[in-house]
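Quick notes on the structure that follows.
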There are 2 protein chains.
Amino acid sequence: MTLIDRRNFHLFQPLLYQVATGGLSPADIASPLRSIVKRQRNTCVLQAEVVDVDVASRRVALATGAVDYDTLIVATGATHHYFGNDGWARRAPGLKTIEDATKMRSGILRAFELAELCDDPTERQELLTFVIVGGGPTGVELAGAIAELAHQTLERDFRSFDPAAARILLVEGVDRVLPTFSEPLSAAGSRSLARLGVEVLTGTRVAGIDEHGVELLRGERRERVRARTVLWAAGVQASELAAVLARRASLSPDPSGRLVVERDCSLPGHPEILVLGDMARFDQDGRPLPGLAAVACQQGIYAGRLIRNRLRGRSTPGFRYRNRGTLAVIGRAAAVADLGPLRLTGYLGWLFWLFLHLMLLVGFENRVLVFVQWAFSYFTRNRGARLITE
Amino acid sequence: MTLIDRRNFHLFQPLLYQVATGGLSPADIASPLRSIVKRQRNTCVLQAEVVDVDVASRRVALATGAVDYDTLIVATGATHHYFGNDGWARRAPGLKTIEDATKMRSGILRAFELAELCDDPTERQELLTFVIVGGGPTGVELAGAIAELAHQTLERDFRSFDPAAARILLVEGVDRVLPTFSEPLSAAGSRSLARLGVEVLTGTRVAGIDEHGVELLRGERRERVRARTVLWAAGVQASELAAVLARRASLSPDPSGRLVVERDCSLPGHPEILVLGDMARFDQDGRPLPGLAAVACQQGIYAGRLIRNRLRGRSTPGFRYRNRGTLAVIGRAAAVADLGPLRLTGYLGWLFWLFLHLMLLVGFENRVLVFVQWAFSYFTRNRGARLITE
């Protein structure tokens, strides 16, 4: 078995926003791949980038070298999508990698540092205005964390301005935040955000982004908001490898670049190629499954079972996603959890979120480290990993 | 009171080598400056770079703006020194900043990753050879940590080679490692290094460094060692600001670029400018004080007392460094401590080292986090922060 990844670690993306806001260190939510499969002596890890797949001769081409396969599992996820406005990428970075997170952290903290050095009130307010585009779980979590950072963690840190003056705007195109959640939960999330001081702008689209702010479109009304920091949590598209595979297997990807897969997660015409997670489009009950970690995890377990059954000459029923619930955290003691019959908000939702995310982290050491940092931050409101680095 | 720093955090440099070898995260050994002085309402922190000092009009020039002073304390430390071979800087990076450490960590780990992908035995051995230049505490600590990483942490991580094949060479110009320690301790250090598998080359100088290795000079004999990773722990010189100050105050720095200071740590002719730490040359008992954190700490406390006394119109006796001991750690359960009458080696020295460094860390949270990681690494020999990042 060969595991190929261009990075040498597994990253627990759901907590990336905490790295971006100085609450956790990158290594706390990452685990070296070699550690994870250390005891599986039949597994070889290669840190390499896949540049092509020859589906006919069953060979993966790496930047240097190639690897033959009998079965290929592709799960390279998704990246940011700027809906055709690729120029926005530089102004409004997204959050998918460790480097995205440390860069975002430096950008947010530097805005406060520059505000302390700034004499001009208009420019200072521009520095202290943060716009988050996209009201899904990532956008909500980021907005909540920045509001907590500004209004609580940094409360007594500056001398020439009051961090309470920081404005955090969350921009969402449809008429409510957390649109994939039920309406009551979405409303509860909205209230929690307001309590933290986040200004929620629903029914609002971004028409432009430049170095001094964003141009917003609310119905017919155009509005300009001066903001030095704009963060992107709006769109994702399948990673580049999906396009390569589509070309090689003569398939057309869906509008988000995802590969449409069969009931057993395989590529049409290629039962030996399984595509999982954010880069796969799997329709269930007439709708595509959402791009959630839970979907990818269940597909991973399914793929393992499928391969084992095939080796034993047994058949496997098609994949079916079981929705065990969705969660979003807004801030300290505030989260929403949609667990089917059970709906949790506020403190209870938050405790559930904490517990679940601790358990989902890979490795006991990371769990302890994250727990210690959450405990400290709960009691002191401090965020210790507030480093501005290059 | 105004604290000016180009970084937004205090860095505990003595543990930087643990970040460089994947044992700790950057934030574990760094504390945001604003957190540290949060409760001192009369202290203002500016994240800015000092570009000049006008000693006549008592004004510090920043990249943008300027700050007037009555008393100026300058303590900007030291940087690497390549003894005139500035071209070596790119081939043999040093370890002074967080970025140095994460880059060194990526470089070391990437060498192992490339070795796993490599088919050519000569090239693989080149990838698995690490040369550390300089046998002082930093070089010894780095060499020990890389040896532990290769021979213990990564022991079962690779399939195409045995990490035990990794060679770690420590090159020192004089005839023993840890030359500032007593001879018995230096010998104990050397034995511990050998036990970890470090090859110690004393009486050896570096004559050249290129992308495939180093050229060593042992007496008259020239020897070439093929190594992809060369790390610099040999020379330091005072930071650039020392040269600026020397020029402005018409003084000549010493050969290491340090400013020669008076008994009260002030610049000759400028009692209102105090120079502390690695950038100051303070002669005591006919010898310059070594560039140790302990010296800088004691000078910092002295400077505070001096200023308070001056404000009260009292005089202060000259500064005197009290050597409370020096320490170097070689690896797991091995350290040497020179505490005057008391000399500790092995396990006991190591426990003392652990305790002292935990206590010296700024902030209770960082102490707990470092303790947790040390405990895990002691029992599992794992190093969780093994991330290759850009």
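The values are calculated or read from the model by the stated rules, or taken from the named source; none is laboratory data. Keep in mind it's a predicted model, so treat the numbers as computed, not measured. Reconstructed Cβ throughout: ideal geometry from the backbone, glycine too, with neighbour counts over all protein chains shown.
Quick check on the stretch B:159-187: of everything there that is acidic (Asp, Glu) and closer than 20 Å to B:Glu199 by Cβ, which residue is surrounded by the fewest Cβ atoms within 10 Å (Cβ to Cβ)?
At the first step, the residues of the stretch B:159-187 found to be acidic (Asp, Glu) are B:162, B:172, B:175, B:183.
Within this subset, residues satisfying the condition of being closer than 20 Å to B:Glu199 by Cβ are B:162, B:172, B:175.
Numbers: B:Asp162: 13, B:Glu172: 25, B:Asp175: 10.
Among residues in the stretch B:159-187 that are acidic (Asp, Glu) and closer than 20 Å to B:Glu199 by Cβ, the one surrounded by the fewest Cβ atoms within 10 Å (Cβ to Cβ) is B:Asp175.
B:Ala280 - would you say it is out of contact with any strand residue (DSSP E or B) (no Cβ under 8 Å at 6 or more places or on another chain), within 14 Å of B:Val261 (Cα to Cα) and assigned by TED's automatic domain parsing to the domain that holds B:Gly257? For B:Ala280, the condition - out of contact with any strand residue (DSSP E or B) (no Cβ under 8 Å at 6 or more places or on another chain), within 14 Å of B:Val261 (Cα to Cα) and assigned by TED's automatic domain parsing to the domain that holds B:Gly257 - is not met.
Within the stretch B:190-205, the set of residues being of a type in the set (S, T, N, Q) and more than 15 Å from B:Pro179 (Cα to Cα) comprises just one member, B:Ser192.
Could you tell me whether the stretch A:54-75 includes any residue that is among the small types (Gly, Ala, Ser), within 20 Å of the chain's Cα centre (by Cα) and surrounded by 14 or more Cβ atoms within 10 Å (Cβ to Cβ)?
Within the stretch A:54-75, the subset among the small types (Gly, Ala, Ser) is A:56-57, A:61, A:63, A:65-66, A:75.
After this cut, where a residue has to be within 20 Å of the chain's Cα centre (by Cα) as well, the list is A:75.
Filter once more, so that each one left must be surrounded by 14 or more Cβ atoms within 10 Å (Cβ to Cβ): A:75.
Scanning the stretch A:54-75, I find at least one residue that is among the small types (Gly, Ala, Ser), within 20 Å of the chain's Cα centre (by Cα) and surrounded by 14 or more Cβ atoms within 10 Å (Cβ to Cβ), so the answer is yes.
Residues being without any contact (Cβ under 8 Å) to a residue 24 or more places away in the chain, of a type outside the set (Asp, Glu) and under 27 Å from B:Pro341 (Cβ atoms) are represented in the stretch B:188-203 by at least one member.
Can you say whether A:Val50 is more than 8 Å from every other protein chain (Cβ to nearest Cβ) and surrounded by 21 or more Cβ atoms within 10 Å (Cβ to Cβ), as far as the supplied structure shows? Steps first, please.
Numbers: more than 8 Å from every other protein chain (Cβ to nearest Cβ): yes; surrounded by 21 or more Cβ atoms within 10 Å (Cβ to Cβ): yes.
Yes.
Is at least one residue of the stretch A:369-390 among the charged types (D, E, K, R), loosely packed, with under 14 Cβ neighbours inside 10 Å and either within 15 Å of A:Pro26 (Cα to Cα) or in contact with a strand residue (DSSP E or B) (Cβ under 6 Å, 6 or more places away or on another chain) (or both)? Please lay out each step first, then the result.
Let us first name the residues in the stretch A:369-390 that are among the charged types (D, E, K, R), namely A:381, A:383, A:386, A:390.
So of that shortlist, the ones also loosely packed, with under 14 Cβ neighbours inside 10 Å come out as A:390.
Imposing the further condition that a residue be either within 15 Å of A:Pro26 (Cα to Cα) or in contact with a strand residue (DSSP E or B) (Cβ under 6 Å, 6 or more places away or on another chain) (or both) reduces the set to A:390.
Among the residues of the stretch A:369-390, at least one is among the charged types (D, E, K, R), loosely packed, with under 14 Cβ neighbours inside 10 Å and either within 15 Å of A:Pro26 (Cα to Cα) or in contact with a strand residue (DSSP E or B) (Cβ under 6 Å, 6 or more places away or on another chain) (or both), which makes the answer yes.
Scanning the stretch B:32-47 for residues that are surrounded by 23 or more Cβ atoms within 10 Å (Cβ to Cβ) and under 26 Å from B:Pro93 (Cβ atoms) yields a single hit, B:Pro32.
Among the conditions (1) under 14 Å from A:Leu149 (Cβ atoms); (2) of a type in the set (Ser, Thr, Tyr); (3) in contact with a helix residue (DSSP H, G or I) (Cβ under 7 Å, 6 or more places away or on another chain), A:Tyr82 misses just one, which is (1).
Report, by residue number, each residue of the stretch B:119-145 that is of a type in the set (Val, Ile, Thr) and under 15 Å from B:Gly331 (Cα atoms). Steps first, please.
From the stretch B:119-145, those of a type in the set (Val, Ile, Thr) are B:122, B:129, B:131-133, B:138, B:140; that's our starting set.
Those that are of a type in the set (Val, Ile, Thr) and under 15 Å from B:Gly331 (Cα atoms): B:Thr138, B:Val140.
Screening A:Ser57, A:Ser35, A:Ser25 for residues that are at the interface with chain B (Cβ under 9 Å from one of its Cβ atoms) and modelled with pLDDT of 95 or more leaves exactly one candidate, A:Ser25.
The listed residues are B:Asp264, B:Asp285, and the only one of them that is of a type outside the set (Gly, Ala, Ser) and at positive phi turns out to be B:Asp285.
Quick one: count up the residues across the stretch B:169-185 that are touching a residue at least 12 places away in the same chain (Cβ under 8 Å) and either more than 26 Å from B:Ile108 (Cα to Cα) or part of a helix (DSSP H, G or I) (or both). Reasoning before the result, please.
Kept after step one, since they are touching a residue at least 12 places away in the same chain (Cβ under 8 Å), are these residues of the stretch B:169-185: B:169-182, B:184-185.
If we keep only those that are either more than 26 Å from B:Ile108 (Cα to Cα) or part of a helix (DSSP H, G or I) (or both) as well, we get B:174-175, B:179-182, B:184-185.
Summing the residues that are touching a residue at least 12 places away in the same chain (Cβ under 8 Å) and either more than 26 Å from B:Ile108 (Cα to Cα) or part of a helix (DSSP H, G or I) (or both) in the stretch B:169-185 gives 8.
With respect to the conditions (1) surrounded by fewer than 19 Cβ atoms within 10 Å (Cβ to Cβ); (2) not assigned by TED's automatic domain parsing to the domain that holds B:Val200, B:Arg224 lacks only one, and its number is (2). Taking the stretch B:367-381 as the range and being touching a helix residue (DSSP H, G or I) at 6+ places or on another chain (Cβ under 6 Å), touching a residue at least 24 places away in the same chain (Cβ under 8 Å) and more than 7 Å from chain A (Cβ to nearest Cβ) as the test, the residues that pass are B:Val370, B:Arg381. Scanning the stretch B:1-22 for residues that are within 11 Å of chain A (Cβ to nearest Cβ), of a type in the set (A, V, I, L, M, F, W, C) and farther than 17 Å from A:Ser160 by Cβ returns B:Phe9, B:Leu11, B:Val19. Comparison of A:Leu360, A:Leu351 shows that the only residue that is touching a residue at least 12 places away in the same chain (Cβ under 8 Å) and not assigned by TED's automatic domain parsing to the domain that holds A:Gly197 is A:Leu360.
Output the number of residues of the stretch B:334-355 satisfying the condition of being loosely packed, with under 15 Cβ neighbours inside 10 Å and not in a strand (DSSP E or B).
From the stretch B:334-355, those loosely packed, with under 15 Cβ neighbours inside 10 Å are B:339-342, B:347-348, B:351, B:355; that's our starting set.
Then keep just the ones that are not in a strand (DSSP E or B); that gives B:340-341, B:347-348, B:351, B:355.
Qualifying residue count for the region: 6.
Would it be correct to say that A:Val45 is touching a Leu at 6+ places or on another chain (Cβ under 8 Å) and more than 10 Å from chain B (Cβ to nearest Cβ)? No. Restricted to the stretch A:284-309, and to residues there that are of a type outside the set (Val, Ile, Thr) and without any contact (Cβ under 8 Å) to a residue 12 or more places away in the chain, the residue that is surrounded by the fewest Cβ atoms within 10 Å (Cβ to Cβ) is A:Gly286. Being at positive phi and within 14 Å of another protein chain (Cβ to nearest Cβ) holds for only one residue in B:Gly363, B:Gly384, B:Gly346, and it is B:Gly363. Within the stretch A:94-123, residues that are more than 25 Å from B:Val67 (Cβ to Cβ) and within 12 Å of chain B (Cβ to nearest Cβ) sit with their Cβ atoms under 7 Å from residues that are of a type in the set (Asp, Glu) and surrounded by fewer than 17 Cβ atoms within 10 Å (Cβ to Cβ), at 6+ positions apart or across chains, in these pairs: A:Glu99/B:Glu390. Filtered by the rule that a residue be within 19 Å of the chain's Cα centre (by Cα) and over 13 Å from B:Thr76 (Cβ atoms), the stretch B:270-284 gives a lone residue, B:Arg281. The sole residue among B:Gly144, B:Gly65 that is of a type outside the set (A, V, I, L, M), at pLDDT below 95 and over 25 Å from A:Val67 (Cβ atoms) is B:Gly65. Within the stretch A:147-178, being of a type in the set (Lys, Arg), under 26 Å from A:Gly208 (Cα atoms) and touching a strand residue (DSSP E or B) at 6+ places or on another chain (Cβ under 7 Å) holds for one residue alone: A:Arg167.
Is it the case that some residue within the stretch A:261-283 is surrounded by fewer than 16 Cβ atoms within 10 Å (Cβ to Cβ) and aliphatic (A, V, I, L, M)?
To start, the set of residues in the stretch A:261-283 that are surrounded by fewer than 16 Cβ atoms within 10 Å (Cβ to Cβ) comprises A:263, A:268-269, A:271-272, A:283.
Narrowing the set further to residues that are aliphatic (A, V, I, L, M) leaves none.
Checked against the condition, which is being surrounded by fewer than 16 Cβ atoms within 10 Å (Cβ to Cβ) and aliphatic (A, V, I, L, M), the stretch A:261-283 yields no hits at all.
Have a look at B:Val244, B:Val200 and point out the one that is outside any helix (DSSP H, G or I), surrounded by 16 or more Cβ atoms within 10 Å (Cβ to Cβ) and out of contact with any Phe, Trp or Tyr (no Cβ under 8 Å at 6 or more places or on another chain).
Details: B:Val244 fails: outside any helix (DSSP H, G or I).
Testing whether each residue is outside any helix (DSSP H, G or I), surrounded by 16 or more Cβ atoms within 10 Å (Cβ to Cβ) and out of contact with any Phe, Trp or Tyr (no Cβ under 8 Å at 6 or more places or on another chain) leaves just B:Val200.
Scanning the stretch A:1-22 for residues that are at pLDDT 95 or above and either more than 23 Å from the chain's Cα centre (by Cα) or hydroxyl-bearing (Ser, Thr, Tyr) (or both) yields A:Thr2, A:Tyr17, A:Thr21. In the condition set (1) in contact (Cβ under 8 Å) with a residue 40 or more places away in the chain; (2) over 20 Å from B:Ala280 (Cβ atoms), B:Thr326 is compliant with all but (2).
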